[in-house]
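Only one structure is covered here, and it is reproduced in the block below.
The values are calculated or read from the model by the stated rules, or taken from the named source; none is laboratory data. Quick caveat: nothing in here was measured; it's all calculated off a predicted structure. Note that we place each Cβ from the backbone using ideal geometry, even for glycine, and neighbour counts take in every protein chain shown. Calculation scope for accessible area: heavy atoms of the full protein, side chains included, ligands and nucleic acids excluded. Shrake-Rupley method; radii C 1.70, N 1.55, O 1.52, S 1.80 Å.
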Amino acid sequence: FPSHDTSPIKSHNLASDLSTEEYTTLLRLTRLAKAAGISPGILNKPDPDYKRWFEAADAIDIPEDLFLALAPLALRLLQFSVKAAWEGNIDYDDQLCMPVIFNSIFPTAQLVAVDEAQDLSPMQLELVKRMGRNGRIIAVGDERQAIYGFRGADPEAPGLVARRVGGC
């Protein structure tokens with residue numbers, strides 16, 4: 001897997017340095033890393049799990065050669081994004097992963113109800129688990145209706161909810 005490079009991103013215009021396919025894949029890999037909870041390897045966090053990241057990329061048909069070529073740059077973009085989020089510049093994906101990455105304190109609820117659980121990403125699943133840790137979690141979903149694989153959703157999430165929180 002790629003080496004762990006923490007040097008700053010040199011180009012401020014990645015779109016001009018990459019082909020359209022490469023640029024689109026770079027953004028997909030970065031979003032996928034956030035959704036899968038891939039550690040950015042900075043701010044006292046462990047190095048990224050490239051094997052898990054590759055498996056997630058493979059599941060959405062990103063070719064291995066493209067993954068290997070772009071993963072180092074995607075990691076640097078992920079690191080940049082994490083630092084920007086830490087400074088208050090947050091996008092939708094950051095809202096899901098940053099509370100987990102930075103081990104934020106989560107409010108708990110007596111009951112957490114999840115509809116369309118098949119569309120939960122690993123980060124969303126972790127948020128559900130943390131919010132429902134002192135109460136009940138009810139998750140409903142149908143893996144045959146999963147439509148968000150492209151953003152890291154796991155169609156087996158309804159079963160994962162049960163296994164991760166100790167349900168049946």
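Within the range 1-48, the set of residues being within 22 Å of Ala59 (Cβ to Cβ), of a type in the set (A, V, I, L, M, F, W, C) and modelled with pLDDT of 70 or more comprises Leu26, Leu27, Leu29, Leu32, Ala33, Ala35, Ala36, Ile38.
Residues in the range 88-127 that are farther than 19 Å from Ser39 by Cα and of a type in the set (A, V, I, L, M): 6 in all. Filtered by the rule that a residue be touching a Gly at 6+ places or on another chain (Cβ under 9 Å) and closer than 30 Å to Leu77 by Cα, the range 94-115 gives Cys97, Val100, Ile101. Scanning the range 62-120 for residues that are under 22 Å from Pro46 (Cα atoms) and among the hydroxyl-bearing types (Ser, Thr, Tyr) returns Ser81, Ser104. Given the structure, is Arg136 at pLDDT below 65 and open to solvent by 50 Å² or more (accessible area, probe 1.4 Å)? The answer is no for Arg136.
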